[in-house]
Number of protein chains: 4
Amino acid sequence: MTSAALAQTIADVVVGNHILARQGVVDGFGHISSRHPEDPGKYLLSCSRAPELVSADDIMVFDLDSNPVNGDARNPYLERFIHGEIYRVRPDVQAIVHSHSPSVIPFAASSARLKPIYHMSGFLTGETHVFDMRHRFGCTDMLVRNRDHGAALAAELGQKGVVLMRGHGFVACGPSIPVAVYRAIYTEKNADLQQRAITLGGDVTYLDDEEARLTEATNRGVVARPWELWKRQVQQG
Amino acid sequence: MTSAALAQTIADVVVGNHILARQGVVDGFGHISSRHPEDPGKYLLSCSRAPELVSADDIMVFDLDSNPVNGDARNPYLERFIHGEIYRVRPDVQAIVHSHSPSVIPFAASSARLKPIYHMSGFLTGETHVFDMRHRFGCTDMLVRNRDHGAALAAELGQKGVVLMRGHGFVACGPSIPVAVYRAIYTEKNADLQQRAITLGGDVTYLDDEEARLTEATNRGVVARPWELWKRQVQQG
Amino acid sequence: MTSAALAQTIADVVVGNHILARQGVVDGFGHISSRHPEDPGKYLLSCSRAPELVSADDIMVFDLDSNPVNGDARNPYLERFIHGEIYRVRPDVQAIVHSHSPSVIPFAASSARLKPIYHMSGFLTGETHVFDMRHRFGCTDMLVRNRDHGAALAAELGQKGVVLMRGHGFVACGPSIPVAVYRAIYTEKNADLQQRAITLGGDVTYLDDEEARLTEATNRGVVARPWELWKRQVQQG
Amino acid sequence: MTSAALAQTIADVVVGNHILARQGVVDGFGHISSRHPEDPGKYLLSCSRAPELVSADDIMVFDLDSNPVNGDARNPYLERFIHGEIYRVRPDVQAIVHSHSPSVIPFAASSARLKPIYHMSGFLTGETHVFDMRHRFGCTDMLVRNRDHGAALAAELGQKGVVLMRGHGFVACGPSIPVAVYRAIYTEKNADLQQRAITLGGDVTYLDDEEARLTEATNRGVVARPWELWKRQVQQG
């Protein structure tokens, strides 16, 4: 039987999928998961489906080895190991987004580093790392297809909220579904704004590390405001 | 009891919120206020809510110290001091917009200066100043959280219609709600157009100060035309 | 009494307004006119209204001095002289669009010249001229407010289909309403594409003048196809 | 009588038209064809109509010389020879898209070469060729108007999935309608992302040829996921 807490988390994962689609952070690809609210050794993630089309019935349960539990035989995302391996080493993380959003890909391919350009993205404190699978695994199809790939990605992420993936996309995580969604959306926005700032040709001033830390603390306190808006927008269709 | 004048101003603040959201000048964050039509020592501003969702019931009344009047205990915007301190020193100002709109942030982070690139934004006459809180207040969470912050911002604004805020956004103000909304929208547009012009690599000719002054006078006379369009667009949903 | 030919032209001017709004070529400002189908010494243009909101009842008739006929006392566009003075010197022109569209403004401010980057915009053959009012009229509010302004603009246009206006926008004209609308839309598109091509940093190859001439002849023959699409899109709302 | 296989292919050509329009890959111009499912010496292509407006009744049948069969006298696309000549020399190709999409045109005009910037566009392995009609045919109206033009284009395409056309657009092809549509959409996306990466000013790392080959194989296996989304989006209007 599904508890109220689990039903609520599943509903939030579904709405998180729809929000990310509407905000242009995911298209036919990309996914969002939540740690299981009653078992930190499990996580919730849709079967292989475009985020805009995900409904509650699509949500599967995986253990941290990224095996489906209860013999669920539906087709999972190939890259579910992103989720399992980050949950394994980051007990603070409750939700994870994987995306190929358009403003972030250029930074994932460039030697230019993504940095926080305004107070909305203080979670990008310091330079954001870029995970390059080729350094350790040679030429691949770029997908995080197994536990080794996932563990290497989690190591590059470290204790941060975001890591880029060369030639692929990025991962954002956080202590709740709204915060992980917020970070995914504002990683995309920050990348867009930073690219525009660079093309102005002047000197660009990024947030100081201390400013970034302070804004991040403030933003966690107001995340309910955009979350309410984003939910309303997807519920109105 | 609410007078007809007050009811009309509240309605205009609400529609101003919706227009700014539809035009992409505000998202989950940002706000618009009006000076109280019957008491220049007070102003009208929504409680803490995403602009797209603001309705007449959300509008609170504040004194110029940015304290809510009538014991209104709802949650106010943290940055209401932007409004109170500008109304205090600028008796000509009847409406104020605060925004993080996407084309303006790059100029708020860059040494490149925002300048009027066409006749629609003559109100940007001369170079637009950039307020940097760090110069006076050190590292903060970048928010205008108290009267001192607000007064410093108002001083940087001076007698102009727009001031940028480093790592944060901008403020536009004007002698009426339609003019403040117009200036916020065309600040965003001008920033976008200027960024594109810079990337063409040629020499860019901005409006001469006298041209800017003359276009600004003309535009105030025709602001009813776009205002009618913007209202119609948000009323049709 | 309105003849069938006049009623059809008025309907096409209205739908032209709506198409230009939907395509992002005009917003609260900008206008489209047609030469009167039964009197080449007159033209049809809306009263001062945002193009998206124009209906058949808004269409006024002007003589080539840009005075309203039949004592029509409604508020006209300030810049109607653009239309009257071009119709006066260009008997081949049957329709005119004035716009501030976003990709064109940067070229109207830059020393970089707009050139045809693909076969859709062969009408931009050769370099497109930029009309700068300041050279002849000194500092103004940039508007084409009288017959002298309009005549100077028409002289800069010469025998071409498009002329840019420094710090302001552009004018596109053609032998029919669909062709003028087509040219306005593809002037905007070409400017956008050329700006992107420039930022790639390589050498850009524009259409040869002879290629431009040949594509222009072809495109006039297929303009009914996009016109049908654009009409359908605005009629479906 | 129309067989079930043919009816299904016609339905997929129609939905492919609508998907490409909704994704911004075609506007009033551009087209998609399929090889005839029961006769490899014929192909299916709409009569001359904007893709968004194409319905099943518009689909014509052509032989590989690009002559309509069964005496169909409707107005065909001038550039149908793109399709016939590629089907002739590429038996592996089952579907072809021709487009003027906005991010690709700049690469079709520039000496900068389009390359795969992420795993979604591994089909762009190696540098993408640019077909320039002028080298062989001198100044033309840039259209692929006859068999000689089409054969020259097919030769420039070679065994690849995409070829650009200088001053014009591009062609994407594939072993099925969903794959050809996927390649057209991700050619547009890759061009956009590569342009942004270039403007960041750092070094850009593109996919290694072996990475591109491996991602291409993977992507063919998951194309049903975005195809399901794209179909749903156009069916909901």
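The values are calculated or read from the model by the stated rules, or taken from the named source; none is laboratory data. Just so it is clear, the model here is predicted, and its values are computed rather than measured. No Cβ is skipped: glycine too gets one built from the backbone with ideal geometry, and neighbour counts run over all protein chains shown.
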Review point. Could you say which residue among B:64, B:45, B:53, B:78 is within 14 Å of another protein chain (Cβ to nearest Cβ), of a type outside the set (S, T, N, Q) and farther than 16 Å from residue A:228 by Cβ?
Key: B:78
Revision key, fill the gap. In segment A:216-237, residues that are in contact with a Leu (Cβ under 7 Å, 6 or more places away or on another chain) and touching a residue at least 60 places away in the same chain (Cβ under 8 Å) total 1
Review point. How many residues, within segment A:79-130, are more than 27 Å from residue B:168 (Cα to Cα), assigned to a loop (DSSP other than H, G, I, E, B) and within 13 Å of the chain's Cα centre (by Cα)?
Key: 4
Review point. Within segment C:37-75, how many residues turn out to be aliphatic (A, V, I, L, M), crowded, with 19+ Cβ neighbours inside 10 Å and more than 19 Å from residue C:91 (Cβ to Cβ)?
Key: 4
Practice item. With the checklist (1) in a loop (DSSP other than H, G, I, E, B); (2) within 23 Å of residue A:24 (Cα to Cα); (3) not small (Gly, Ala, Ser) in hand, flag the one item residue A:190 doesn't pass. Key: (1)
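When only residues in segment A:192-201 that are surrounded by 16 or more Cβ atoms within 10 Å (Cβ to Cβ) and facing chain B (nearest Cβ under 7 Å) count, which is farthest from residue D:232 (Cα to Cα)?
Step one: of segment A:192-201, the residues surrounded by 16 or more Cβ atoms within 10 Å (Cβ to Cβ) are A:192-200.
Those still in the list that are facing chain B (nearest Cβ under 7 Å) too: A:192-193, A:196-197, A:199-200.
Working: A:192: 29, A:193: 32, A:196: 34, A:197: 37, A:199: 38, A:200: 40 Å.
Among them, the one singled out is A:200.
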Practice item. Mind listing whichever residues of segment D:224-236 are at pLDDT below 95 and more than 8 Å from chain A (Cβ to nearest Cβ)? Key: D:224, D:235, D:236
Exercise for review: Taking residue D:24 as the residue in question, decide whether it is touching a residue at least 40 places away in the same chain (Cβ under 8 Å) and within 14 Å of chain C (Cβ to nearest Cβ).
Suggested key: yes
Revision key, fill the gap. Over segment C:154-178, the set of residues part of a loop (DSSP other than H, G, I, E, B) and within 14 Å of another protein chain (Cβ to nearest Cβ) is C:166, C:167, C:168
Point to revise | Among (1) touching a His at 6+ places or on another chain (Cβ under 8 Å); (2) in contact (Cβ under 8 Å) with a residue 60 or more places away in the chain; (3) not in a loop (DSSP other than H, G, I, E, B), the one test that residue D:17 misses | key: (2)
Review point. Out of segment C:131-153, which residues are on the phi > 0 side of the Ramachandran plot and either in a strand (DSSP E or B) or among the hydrophobic types (A, V, I, L, M, F, W, C) (or both)?
Key: C:142
Check your understanding: Could you say whether any residue in segment C:1-14 is without any contact (Cβ under 8 Å) to a residue 12 or more places away in the chain, among the hydroxyl-bearing types (Ser, Thr, Tyr) and not in a helix (DSSP H, G or I)?
Key -> yes
Exercise for review: Could you tell me which residue of segment C:85-122 is surrounded by the fewest Cβ atoms within 10 Å (Cβ to Cβ), considering only residues that are under 13 Å from residue C:163 (Cα atoms) and more than 13 Å from chain B (Cβ to nearest Cβ)?
Suggested key: C:86
Revision key, fill the gap. When residue D:140 is run through (1) within 13 Å of chain C (Cβ to nearest Cβ); (2) more than 19 Å from residue C:120 (Cβ to Cβ), the failure sits at (2)
Point to revise | Which listed residue, of C:41, C:16, C:24, C:84, is touching a Phe, Trp or Tyr at 6+ places or on another chain (Cβ under 7 Å), modelled with pLDDT of 95 or more and not charged (D, E, K, R) | key: C:84
Review point. How many residues are crowded, with 22+ Cβ neighbours inside 10 Å and either charged (D, E, K, R) or more than 13 Å from chain B (Cβ to nearest Cβ) (or both) if we restrict to segment C:143-152?
Key: 1
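In segment D:153-165, is there at least one residue being surrounded by fewer than 21 Cβ atoms within 10 Å (Cβ to Cβ) and of a type in the set (Val, Ile, Thr)?
no
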Check your understanding: In segment C:191-232, which residues are in contact with a Lys or Arg (Cβ under 6 Å, 6 or more places away or on another chain) and either hydroxyl-bearing (Ser, Thr, Tyr) or at positive phi (or both)?
Key -> C:206
Revision key, fill the gap. Within segment B:188-237, restricting to residues that are touching a strand residue (DSSP E or B) at 6+ places or on another chain (Cβ under 7 Å) and β-branched (Val, Ile, Thr), the one that is farthest from residue B:126 (Cα to Cα) is B:198
Exercise for review: Please work out which one of (1) buried (at least 18 other Cβ atoms within 10 Å of the Cβ); (2) more than 14 Å from the chain's Cα centre (by Cα); (3) more than 28 Å from residue A:199 (Cβ to Cβ) is the condition residue B:179 fails and give its number.
Suggested key: (2)
Exercise for review: Evaluate the following for residue B:168: is it surrounded by fewer than 22 Cβ atoms within 10 Å (Cβ to Cβ) and within 17 Å of residue B:100 (Cα to Cα)?
Suggested key: no
Check your understanding: Is it fair to say residue D:157 is in contact with a His (Cβ under 8 Å, 6 or more places away or on another chain) and either among the aliphatic types (A, V, I, L, M) or modelled with pLDDT under 95 (or both)?
Key -> yes
Check your understanding: Among the candidates B:74, B:22, which residue alone is basic (Lys, Arg) and more than 19 Å from residue B:236 (Cβ to Cβ)?
Key -> B:74
Review point. Based on what the data block shows, is residue C:217 of a type in the set (Gly, Ala, Ser) and buried (at least 16 other Cβ atoms within 10 Å of the Cβ)?
Key: no
